[in-house]
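Asker: So that we are looking at the same thing, I have put the structure below in structure tokens.
What follows draws every value from the coordinates through simple rules; no lab data is involved. The model shown is predicted, which means the values in this text are computed figures rather than measured ones. Glycine gets a Cβ as well: all are built from the backbone with ideal geometry, and neighbour counts include every protein chain shown.
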Amino acid sequence: MSNQPLHIIGGGLAGSEAAWQAAEAGAQVVVHEMRGVKATDAHSTDNFAELVCSNSFRSDDHEQNAVGLLHEEMRRCGSLIMRAADQHKLPAGGALAVDRDGFSLAVTEAIHNHPNITVVREEIAGWPDADWQHVIIATGPLTSPALAAAVLEKTGEDSLAFFDAIAPIIHYDSIDHDIAWKQSRYDKAGPGGTGADYLNLPMDRDQYYAFVEALITAPLHEFKDWEKVPYFDGCLPIEVMAERGPETLRHGPMKPVGLTNPRNPTVKPYAIVQLRQDNALGTLWNMVGFQTKMRYGIQAEIFRMIPGLQNAQFARLGGLHRNTFINSPKVLSADLKLKVDPRIRFAGQVTGVEGYVESAACGLITGRLTAAEALGGSMDVPPVTTALGALIGHITGGHVEAESYSGARSFQPMNVNFGLFPEVTVEKPEGVKRWRGPEKTMAKRRAITGRALEDLKAWA
Ligand SMILES: Cc1cc2nc3c(=O)[nH]c(=O)nc-3n(C[C@H](O)[C@H](O)[C@H](O)COP(=O)(O)OP(=O)(O)OC[C@H]3O[C@@H](n4cnc5c(N)ncnc54)[C@H](O)[C@@H]3O)c2cc1C
């Protein structure tokens with residue numbers, strides 16, 4: 001048995017959960033957390049697992065909601081983050097909201113009191129010490145610049161981003177396929193394509209002008225000074241492009257050239273929105289070139305004005321934030337190890353998962369995998385049919401890399417959602433004549449979540 005301690009850099013949502021899981025498994029853990037000696041731009045305390053913004057862990061419905069399922073899986077794996085959240089929950093309908101101070105103090109206390117955990121308040125300002133055999137980097141979206149520079153040097157230029165530029169992602173089966181058609185611009189197959197790789201949504205002149213008007217009058221997300229994201233000409237938010245003139249989008253991401261609507265081949269659409277496949281399963285499609293700073297509430301409403309998206313369900317809305325994250329599909333192996341230095345795993349938001357719960361979930365997995373190795377054994381990643389496995393599968397291999405219209409890197413942060421799970425088939429219940437859409441969707445979700453909890457048993 002190796003008696004090398006496991007070093008965790010960062011005591012946020014991911015680092016705290018990783019430390020807890022590893023320590024509970026019997027490994028010796030050292031957590032290196034810089035707050036206390038060096039602040040970040042967003043945290044306001046020295047507590048572990050501080051919630052920097054909202055106090056919500058989102059839906060707690062483990063039958064019908066993917067993040068609710070993730071909660072439940074984590075509870076079944078003895079999660080510290082979920083235990084503290086449940087102990088400090090506040091009334092919030094179907095959501096799990098927490099008293100933020102009570103929550104993070106409970107996590108801090110549990111970490112400090114665990115006999116297998118040592119806490120060191122320091123910034124790790126370069127590549128982890130060569131003597132450390134088992135390392136988890138969980139330094140989050142505000143990874144300190146010195147460590148970010150070391151990661152960049154180690155992994156290469158396009159492997160680390162400092163901002164995300166997120167275009168909305170839509171569930172494939174919520175797109176109206178009587179309106180959309182599949183075709184690549186000029187039928188170009190390109191490397192690995194078929195010539196019919198995009199879904200195209202046509203707009204006439206009136207629809208286009210109404211859409212542009214909605215974009216330029218939409219309320220924007222308010223940013224704090226340090227959060228302000230520099231614009232690059234190749235990667236402008238869609239509403240900023242629209243402001244430059246009503247015709248700008250028609251000459252940019254919505255240009256109607258090289259595409260023919262097979263249902264109306266003689267009429268040229270005035271503008272065309274393109275969707276590109278985002279995951280290997282083909283269940284998620286992103287809106288090409290549609291990164292945006294519009295407020296979340298208004299985005300779905302405006303994008304549903306696009307013909308074919310009138311009933312669109314969004315797996316992720318668009319955004320533009322300061323966010324340090326690695327190009328996980330390229331630099332990590334399926335068990336979250338850094339290919340160029342396999343002593344090191346990454347966990348949390350820095351891997352490209354998005355959100356408190358997802359970050360903690362990623363910490364849970366890396367804590368367990370790394371502890372197993374530190375104790376002389378090994379462990380598989382969770383099955384892809386579980387929320388834990390589906391999330392990790394997406395960041396390490398599920399995302400389909402594509403050349404981006406905007407020049408932004410194609411891999412962008414992702415919340416857990418049902419589009420990440422392998423399909424299930426559900427039979428119509430006996431005696432039911434007409435199975436309505438919502439009922440079928442609910443049955444499908446029940447089948448996915450039931451399968452997940454069953455498949456988790458062996459791993460947990
Ligand atoms: C401003 C902002 C608002 C957000 N709002 C939400 C929200 O409302 N809801 C939501 O679900 N998600 C939100 N997120 C996204 C994300 O879920 C959280 O940032 C979450 O805290 C990520 O967990 P983490 O453990 O990966 O990172 P963190 O919780 O940020 O933990 C990383 C830790 O690493 C430490 N650290 C960094 N560099 C070093 C170093 N070199 N040496 C030692 N320690 C270091 C930091 O001090 C920090 O404690 C927000 C992110 C930001 C930046």
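Asker: So what is the calculated 222 nm ellipticity per residue for the chain, using -39500 (n - 2.57) for each DSSP H run with n of 4 or more, over all residues, to the nearest 500 deg cm²/dmol?
Answerer: Using -39500 (n - 2.57) per qualifying helix, the result is -9000 deg cm²/dmol.
Asker: In whole Hz and in residue order, list the ³J(HN,Hα) couplings for region 204-218 that follow from phi through the Karplus curve 6.51 cos²θ - 1.76 cosθ + 1.60, θ = phi - 60°; x for Gly and Pro.
Answerer: 8, 4, 5, 5, 5, 5, 5, 5, 4, 4, 5, 5, 7, 9, 6
Asker: Same structure, new question: Using modelled amide H (1.01 Å from N, peptide plane; none on Pro or chain starts), what sits under 5 Å from the amide H of residue 346, excluding residues fewer than 5 places away?
Answerer: 137, 338
Asker: What is the local net charge at residue 173, summed over the other residues whose Cβ is closer than 11 Å to its Cβ (Lys, Arg +1; Asp, Glu -1)?
Answerer: 0
Asker: Evaluate the charge dipole of region 169-317 about its Cα centre and quote only its size in Debye, nearest 20, assuming +1 on the Cβ of each Lys and Arg and -1 on the Cβ of each Asp and Glu.
Answerer: The dipole of region 169-317 has a size of about 300 debye.
Asker: Compute the Rg to Rh ratio over the chain from the alpha carbon atoms, using the Kirkwood formula for Rh, and round to two decimal places.
Answerer: 0.98
Asker: Amide H to amide H, which residues 5 or more places from residue 118 or on other chains are under 5 Å from it, using H placed in the peptide plane?
Answerer: 29, 30, 31
Asker: At a Cα cut-off below 29 Å, give the lysines reachable from residue 337, other chains included and same-chain residues fewer than 8 away excluded.
Answerer: By straight Cα distance, residue 337 reaches 38, 154, 457.
Asker: Moving to a separate point now. Using Stokes-Einstein with the Kirkwood hydrodynamic radius over Cα pairs, what translational diffusion coefficient do you get for region 1-147 at 10 °C and a viscosity of 1.306 mPa s, in µm²/s rounded to a whole number?
Answerer: Roughly 100 µm²/s, to the nearest whole number.
Asker: Let me ask another. Determine, from the Cβ-Cβ distance of residue 153 and residue 427 and an R0 of 60 Å, the FRET efficiency 1/(1 + (r/R0)^6), rounded to the nearest 0.05.
Answerer: Step by step, r from the Cβ atoms, then E = 0.65.
Asker: On to the next question. For the chain, give me the percentage of DSSP beta bridges that are antiparallel, rounded to the nearest 5 percent.
Answerer: 65 percent
Asker: Kindly rank 26-34, 328-336 from highest to lowest mean number of other beta carbons found within 10 Å of each residue.
Answerer: My ranking of the peptides, most packed first, is 26-34, 328-336.
Asker: Roughly how tilted is helix 356-374, in degrees to the nearest 10 and between 0 and 90, from the longest Cα axis of the chain?
Answerer: Roughly 50 degrees, rounded to the nearest 10.
Asker: Residue 381: net charge of surrounding residues, Cβ under 10 Å, Lys/Arg +1, Asp/Glu -1, itself excluded? Intermediate values should be presented prior to the final figure.
Answerer: Details: positive: 368; negative: 335, 380.
Within the 10 Å Cβ shell, the charges total -1.
Asker: Can you tell me how region 244-334 classifies by the Cα gyration tensor, rounded, prolate or oblate, using a/c under 1.5 as the rounded cut?
Answerer: Details: a/c = 1.83, a/b = 1.51, b/c = 1.21.
It comes out prolate by the Cα gyration axes.
Asker: Also, quick follow-up: Work out the count of Lys pairs in region 169-317 where the Cα-Cα distance is under 23 Å, with the pair 8 or more places apart or on different chains.
Answerer: Close lysine pairs found across region 169-317: 8.
Asker: What is the fewest-to-most order of 224, 38 by other Cβ atoms lying within 10 Å of their Cβ? Display every interim value, and only then the final one.
Answerer: Numbers: 224 9, 38 13.
Exposure proxy ranking, most exposed first: 224, 38.
Asker: Using all Cα-Cα distances in region 169-317, what percent lands in each 10 angstrom bin from 0 up to the longest?
Answerer: 11, 40, 37, 11, 1, 0
Asker: Which residues' amide hydrogens lie under 5 Å from the amide hydrogen of residue 278, considering only partners 5 or more residues apart or on another chain, with H built in the peptide plane?
Answerer: Those lying under 5 Å, H to H, from residue 278 are 284, 285, 286.
Asker: If you average the sequence gap of Cα pairs under 8 Å that are 6 or more apart and divide by the length of the chain, what percent do you get for the contact order?
Answerer: Numbers: 949 pairs, mean separation 102.2, N = 460.
22 percent.
Asker: Could you tell me which of rounded, prolate or oblate describes region 20-84, using a ≥ b ≥ c as the square roots of the eigenvalues of the alpha-carbon gyration tensor, with rounded for a/c under 1.5 and, failing that, prolate when a/b is larger than b/c and oblate otherwise?
Answerer: Cα axes put region 20-84 in the oblate bin.
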